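The values are calculated or read from the model by the stated rules, or taken from the named source; none is laboratory data. Quick caveat, the model's predicted, so the values are computed rather than measured. Here the Cβ positions follow ideal geometry from the backbone for every residue, glycine too, while neighbour counts run over all protein chains shown. Surface areas here come from the heavy atoms of the whole protein model, side chains and all, with no ligands, DNA or RNA. Shrake-Rupley method; radii C 1.70, N 1.55, O 1.52, S 1.80 Å.
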Amino acid sequence: MSNNKRLQRPLLSKILVASEDVNKRIKQEWIESAVVLKRERFEIAGALFDCPDDALLSQQEVIQKVEAYLGLTTKEETVNVDTTE
C-alpha cells in the first residue's frame, strides 16, 4: 500500500504542474486574445514588451503587467515593503 502512495504523489504533482501550464499562454497568444481581458492589443503588447516571446504567462500575471503598464495601480501597491520611501 505504501508503494502505491509513493507512486501516486509524483503523478499528482505532474498533473498539477500540467494543469497550471494549461491556463498559461505565450505572449503572442495573449496579444491576440486581448478581448478576453477587455483591453486593446497594443495595451497587451506594451505591457508584455519585456517578456520573452516563448515565456508562458498566466492570466493573473498579464493582468498585473497591464495594470502596471497603464498606471492603474497606485504607488503604494507597487512599492516594496522594505523600502524607506
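Numbers for the structure displayed
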| quantity | calculated |
| --- | --- |
| Test for Ala55: is it assigned to a helix (DSSP H, G or I) and either of a type in the set (Gly, Ala, Ser) or modelled with pLDDT of 95 or more (or both) | no |
| Pairs with Cβ under 6 Å, 6+ apart, first in the stretch 55-67 and at negative phi and among the charged types (D, E, K, R), second part of a helix (DSSP H, G or I) and open to solvent by less than 80 Å² (accessible area, probe 1.4 Å) | Lys65/Ala47 |
